Amino acid sequence: MSDLLRVATAGSVDDGKSTLIGRLLHDSKNVFADQFDAVEAASRRRGLDAADLALLTDGLRAEREQGITIDVAYRYFATPRRTFVLADTPGHVQYTRNMVTGASTADVAVVLVDARHGLVEQSHRHAAVAALLGVGHIVLAVNKMDLVDFSEEVYDRIVADFDVLAAELGIRSVTAIPVSALHGDNVVEPSQKLGWYAGQTLLDHLETVPVPSRGGEVGARLPVQLVIRPRSAEHPDYRAYAGRVAAGTLRVGDEVVVLPSGRRTRVAGIDTHDGSLDEAATGRSVAVRLEDDVDVARGDLLAAAPDAPEPVRQLTGRVCVLAERQVRAGDRFRLRAGTREVKAIVGSIADRLDVTTLKREDADALELNDIGDVMLRLAEPVAVDPYALSRGTGSFLLIDEATGATVAAGMVEQPPAV
Amino acid sequence: MTTISDLHLEHLTDARDAALTALEDESIHILREVVGSFERPVLLFSGGKDSIVMLRLAEKAFSPGRIPFPVMHVDTGHNFPEVIEFRDRRAAELGLDLVVASVQDAIDRGRITERPGQSRNPLQTVPLLDAITDNRFDAVLGGARRDEEKARAKERVFSIRDEFGQWDPRNQRPELWDLYNGRIAPGEHVRIFPLSNWTELDIWRYIARDGIEVPSIYYAHEREVFDRDGMVLAVTPFTPPRDGEQVRVETVRYRTVGDATCTGAVRSTARTVDEVIAETATSRLTERGATRADDRASEAAMEDRKREGYF
């Protein structure tokens, strides 16, 4: 089990997200004295009485000037119990794509709500994005409890509202925690003022919540990155396929299919520089030797034979547009899935999802921050899994061929039952 | 709150080891993606601890084959001799081509002008960009970590630089899952940071776990030093003490290794890797805050240098 927890945060502008993160870092003793001194000095220059902990995380000049978070920033902190990678994602509507970015790798999403305002449009959007991206667990942090007199009624109402939303979105695992980021109540230290609350502090919860399995619900998958073939005196005949296990667990002796060619063989060995392994779980970077001398190259996928995906020339995916360019039927892109890149044409746009109301509406084009379902036609076959079953082999990018820009991120939909 | 005593120490070690392995797996994946998708990658190697760990990861990523790219050092000419010796020896041991981009050379050719009394660190940008152009490198691997500095916390793993070498923090490519998009137009290049998600403590734990050798100046030793601008600077040919600066012998070590004119030492008695880990774990200062003068220039010093093309 990996004890690295990847957390994404989400909250509207002024919900106090940067302050919450600053507080989390500060109270868990993960802020260094020189960083804190710099924040205190900057706070004084801005005429503030106390250190503005939000300045710990807003790293860019424009962010400090405007007092908002523009871009995803990654923060690291560790406690004796766990190591954390925290994607601090902006809450501004225009930066929803950054929330998608942060959520793509997260095990846990912390959705921040201002206790005075309760759930707002952005809360719906954040919960919906977390659900769409398959984030395993959501923490509802009800912030600014100090501004509602630490009222249990206010908190209960917000939690009840969120439960309704979570049920609609099919989110299975939610934990709600009342906090005051500004004063530090219940972030790292339990608060006297929240005596009615019997649960864990935010940090305690993040330290103990189980890391959801990243392997998904499919058999072993290994996108081939490159062929390792030293042809040296020491290793004249060595040939292995380097890759990171994207799903499942690969074992020596497993029958695997090379996709898209469909050739079958068995795993002869799983190597790392530090020795050979009997098996490699999701996330491990290994070099795989095969029993037969089959043709395998970068872009191929090794899949466990029992449930190997069928390579497709057409797929339906839910995409989020990340760039200032429309996506319309007939548009050409490069599709990147795992290590494979193929030409793709947008066959049609099925609909656009209103992530606030969760209603689907007709659309001719998808624009920046839009999420919608599209049908893609592919120049060559690609082996993918439904995203709901495997994040690693169910995700893709649409890349602008002229500029190289990443135009959209996509999640493969389950093919309709025949 | 649960405290350490509530947990088995053994479990703690396992948890940390699992986290280190996860970081290692991620970095190896990134290194392989670079070799799989670029024509002419290069790894920046200064002889410092982060680039030493990078080389170790590169060794693992392509094992039992050799590292399939050269290494490059942007040499300010004001280095600690122990580090240059280490740099040359390590590159030779691994059979790697070492490209040295020299600041002194760029000064001699009139490409840049030295400012008297100022560190040469910011002057590295021009020789770095020149060397990238001259060698037609399209992917430049660096050991920068996001925990080093708040502008670096915003950096992508694959970070596109335009043909002027510039970084535009407001217009970065989104990076999702572990799909890294390295498509570039002619003249552009990509800076790639496989250690993005590592912290200073992770680096030291990894050095301990793998028994990796680092230059001796990372461990406590006696050295002639003096105080300047709140830092402890070593007496070197490039940093002679000025009038009124008292030279004394102290037991010190270095947390970062860079240009001798702007890299300070810390007072320390940590002579082994375990002692360094213990010291790092309890330090109240960041490595840059403690020892790098050039990052103190302004609130956005690093961001401004990076926009220009600095590493």
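The values are calculated or read from the model by the stated rules, or taken from the named source; none is laboratory data. All values derive from a computational prediction rather than experimental measurement. Positions of Cβ are generated from backbone atoms using ideal geometry, with glycine treated the same way; all protein chains shown enter the neighbour counts. Side chains are part of the model used for accessible areas, which takes the heavy atoms of the whole protein and leaves out ligands, DNA and RNA. Shrake-Rupley method; radii C 1.70, N 1.55, O 1.52, S 1.80 Å.
Taking θ = phi - 60°, what integer Hz values does the Karplus form 6.51 cos²θ - 1.76 cosθ + 1.60 yield along the range A:176-192, in sequence order, with x for Gly and Pro?
9, 9, x, 9, 10, 5, 4, 9, x, 5, 6, 7, 10, 9, x, 10, 5
What list of ³J(HN,Hα) values in whole Hz, one per residue of the range B:139-144 in order, does the Karplus curve 6.51 cos²θ - 1.76 cosθ + 1.60 (θ = phi - 60°) give from phi, with Gly and Pro shown as x?
9, 10, 7, x, x, 5
Expressed as cubic angstrom per residue, what is the convex hull volume of the alpha carbon set of the range B:215-296?
Working: hull volume 7.3 nm³, N = 82.
Measuring per residue, one finds 88 Å³ for the Cα hull of the range B:215-296.
So with the 1.4 Å probe, I'd like the accessible area per residue for the range A:146-221, rounded to whole Å².
Accessible area per residue, the range A:146-221: 49 Å².
Using a 1.4 Å probe on the protein heavy atoms, what percent of the accessible area of chain A belongs to carbon and sulfur?
Ligands and nucleic acids excluded, carbon and sulfur reach 47 percent.
Over the range B:215-296, average the accessible area per residue using a 1.4 Å probe and give it in Å², no decimals. Let's see the in-between values first.
Details: 3680 Å² over 82 residues.
Value for the range B:215-296: 45 Å² per residue.
Roll a 1.4 Å probe over the protein heavy atoms and report the accessible area of A:His126 in Å², nearest 10.
Approximately 10 Å² of A:His126 is accessible to the 1.4 Å probe.
Relative to the longest principal axis of the C-alpha atoms of chain A, give the angle of the C-alpha long axis of helix A:33-45, reported between 0 and 90° and rounded to the nearest 10°.
For A:33-45 against chain A, the angle is about 50 degrees.
Of A:Lys17/B:Lys150; A:Lys29/B:Lys49; A:Lys29/B:Lys150; A:Lys17/B:Lys49; A:Lys144/B:Lys150; A:Lys17/B:Lys154, which pairs sit farther than 28 Å apart, going by alpha carbon to alpha carbon? The partial results should precede the final answer.
Numbers: A:Lys17/B:Lys150 16 Å; A:Lys29/B:Lys49 25 Å; A:Lys29/B:Lys150 17 Å; A:Lys17/B:Lys49 34 Å; A:Lys144/B:Lys150 26 Å; A:Lys17/B:Lys154 16 Å.
Distance filter (> 28 Å) returns A:Lys17/B:Lys49.
Rounded to the nearest 20 debye, what is the charge dipole size of the range A:363-418 about its Cα centre when +1 sits on each Lys and Arg Cβ and -1 on each Asp and Glu Cβ?
Working: 2 positive and 9 negative charges, 50 e Å.
Value, rounded to 20: 240 debye.
Using the Cα atoms as the points, what is the convex hull volume per residue of chain B in Å³?
156
Nearest 10 degrees, 0 to 90: what angle lies between the long axis of helix A:17-27 and the longest principal axis of chain A (Cα atoms)?
So the helix axis and the longest Cα principal axis differ by about 80 degrees.
How much of the accessible area of the range B:215-296, in percent, comes from carbon and sulfur atoms when a 1.4 Å probe is used?
50
Considering amide H positions built from the backbone, and no H for Pro or chain starts, which residues 5 or more places from A:Tyr241, or on another chain, come under 5 Å of its amide H?
Close amide H contacts, sequence-distant or interchain: A:Ile228, A:Val288, A:Arg289.
Suppose we look only past 40 Å in the calculated P(r) of chain A. What percent of the Cα-Cα pairs does that tail hold?
Pairs farther apart than 40 Å: 25 percent.
Using +1 at the Cβ of each Lys and Arg and -1 at the Cβ of each Asp and Glu in chain A, identify which of A:Tyr241, A:Ala78, A:Val294 lies farthest towards the dipole's positive end.
Towards the positive end, the residue furthest out is A:Val294.
Name the residue from B:Phe226, A:Ser180, A:Val342 whose Cα lies farthest towards the positive end of the charge dipole of the protein assembly as shown, charges +1 on Cβ of Lys and Arg and -1 on Cβ of Asp and Glu.
A:Val342
Search the structure for amide H atoms under 5 Å from the amide H of B:Asp75, placed 1.01 Å from N in the peptide plane, and list their residues when 5 or more places away or on another chain.
So B:Asp75 has HN proximity to B:Ala101, B:Ser102, B:Val103.
Which distance in nm do the two modelled labels at B:Arg284 and A:Leu277 give, with both placed 7 Å along the Cα-to-Cβ direction?
Here the answer is 4.2 nm between the modelled labels.
Write down, largest first, the equivalent ellipsoid semi-axes of the protein assembly as shown in whole Å, where each equals the square root of 5 times an eigenvalue of the alpha-carbon gyration tensor.
They are 39, 34, 25 Å, listed from largest to smallest.
Dipole size in debye (nearest 20) for the protein assembly as shown around its Cα centre, Lys and Arg Cβ +1, Asp and Glu Cβ -1?
1060
Among residues other than B:Pro68 whose Cβ falls under 15 Å from its Cβ, what is the net charge (Lys/Arg +1, Asp/Glu -1)?
So the surrounding residues net to +2.
Taking every DSSP beta bridge that has both residues in the protein assembly as shown, what percent is antiparallel when rounded to the nearest 5?
Details: 95 of 131 bridges.
Within the protein assembly as shown, antiparallel bridges account for around 75 percent of the total.
Net charge near A:Asp271, counting Lys/Arg +1 and Asp/Glu -1 over other residues with Cβ under 12 Å of its Cβ?
+2
Would you list A:Leu290, A:Leu147, A:Leu182 from the most to the least accessible area, probe 1.4 Å?
Details: A:Leu290 25, A:Leu147 95, A:Leu182 115 Å².
Result, largest first: A:Leu182, A:Leu147, A:Leu290.
Of the options B:Gly244, B:Thr286, B:Tyr254, report the single residue whose Cα projects farthest towards the positive end of the charge dipole of the range B:215-296 (beta-carbon charges: Lys, Arg +1; Asp, Glu -1).
Ranked along the dipole, the leading option is B:Thr286.
For A:Thr316, B:Thr286, write out the residues from largest to smallest accessible area, computed with a 1.4 angstrom probe and no ligands counted.
So, going from the largest accessible area down, we get A:Thr316, B:Thr286.
Give the separation of the Cα centroids, the range A:356-418 to the range A:238-290, in Å.
The distance from the Cα centre of the range A:356-418 to that of the range A:238-290 comes to 28 Å.
Name the residues whose placed amide hydrogens come within less than 5 Å of the amide hydrogen of A:Glu189, ignoring near sequence neighbours (fewer than 5 apart) on the same chain.
none
Note down the magnitude of the dipole of the range B:127-202 about its Cα centre, charges +1 on Lys and Arg C-beta and -1 on Asp and Glu C-beta and zero elsewhere, to the nearest 20 debye.
Working: 12 positive and 15 negative charges, 48 e Å.
Dipole about the Cα centre, nearest 20: 220 debye.
Give the angle, between 0 and 90 degrees and rounded to the nearest 10, that separates the Cα long axis of helix A:152-169 from the longest principal axis of the Cα atoms of chain A.
20
Am I reading the B/A interface right? What is its buried accessible area, both sides, 1.4 Å probe, to the nearest 100 Å²? Let's see the in-between values first.
Numbers: alone 15390 and 19600 Å², together 28920 Å².
Approximately 6100 Å², summed over both chains.
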